[in-house]
Amino acid sequence: MSSSNIAKRYARAFFDIAREDGLYEKYYNELTLFSSIVKENKDLRELLLNPIFDHAEKRAVVDSLLAKINISVITANFLKLLVDKRRIGILPDIESCYRKFMDDALKKIRVDVKTAFPLSAELSEKLQKRMEEITGRKVEMAVSEDASLLGGIVVGVGDTMYDGSIRTQLHNIRNLLGEEI
């Protein structure tokens, strides 16, 4: 079984617990908190991912860390289970799968927007409302600037990309004319 399938199964199990408790976002935020601590701390990451280190050492470190951060018993037990089952290495994949399950349950969609210029608050709000109309879901929008676009906008909604950038338009014209600009 591939690690993505395994991650999906663990995420589904944890998500089902969150559904029973009605705490989707709380558990997701706790999972993200622990995951970010692991990502940011190279020594901790190496300890948890390296098979050379004894399981008891890993469990003791995780127990100690969980005692210092404020997360629920449910999330703490889930993270301990991942350590015990030697699945802590797929935590980022579990986090990603859980987020998809949560977004579906809460009727949310994440939209990534790249622009060549900063968006005004008014334009950003209009874009968000329009995306909510198109998708029929509540939109969480992340806006970033990319000067290489030259102008226009690129919007990513799930696996779909809407590219209205000048860079892409110039590229299309170049291909149409068979010339290099």
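Kindly evaluate Leu48 against the criterion of being assigned to a helix (DSSP H, G or I), in contact (Cβ under 8 Å) with a residue 12 or more places away in the chain and within 20 Å of the chain's Cα centre (by Cα).
In short, no.
If you filter the range 131-149 down to residues that are touching a Lys or Arg at 6+ places or on another chain (Cβ under 7 Å) and not in a strand (DSSP E or B), you find that the one that is farthest from Leu119 (Cα to Cα) is Arg137.
Looking across the range 14-35 at every residue that is buried (at least 16 other Cβ atoms within 10 Å of the Cβ) and not hydroxyl-bearing (Ser, Thr, Tyr), the one that is farthest from Met102 (Cα to Cα) is identified as Phe34. Taken as a whole, the structure leaves Arg130 outside the set of residues that are of a type in the set (D, E, K, R) and on the phi > 0 side of the Ramachandran plot.
Tell me yes or no: at least one residue of the range 18-27 is farther than 29 Å from Thr135 by Cα and either at pLDDT 95 or above or of a type in the set (A, V, I, L, M, F, W, C) (or both).
Of all residues in the range 18-27, those farther than 29 Å from Thr135 by Cα come to none.
No: zero hits.
The set of residues from the range 1-11 being loosely packed, with under 14 Cβ neighbours inside 10 Å, under 15 Å from Phe101 (Cα atoms) and in contact (Cβ under 8 Å) with a residue 24 or more places away in the chain comprises just one member, Ser4.
The values are calculated or read from the model by the stated rules, or taken from the named source; none is laboratory data. Just so we're clear, the structure is a prediction, and the values are computed from it rather than from any experiment. Here Cβ is always computed from backbone atoms with ideal geometry, including for glycine, and neighbour counts include all displayed protein chains.
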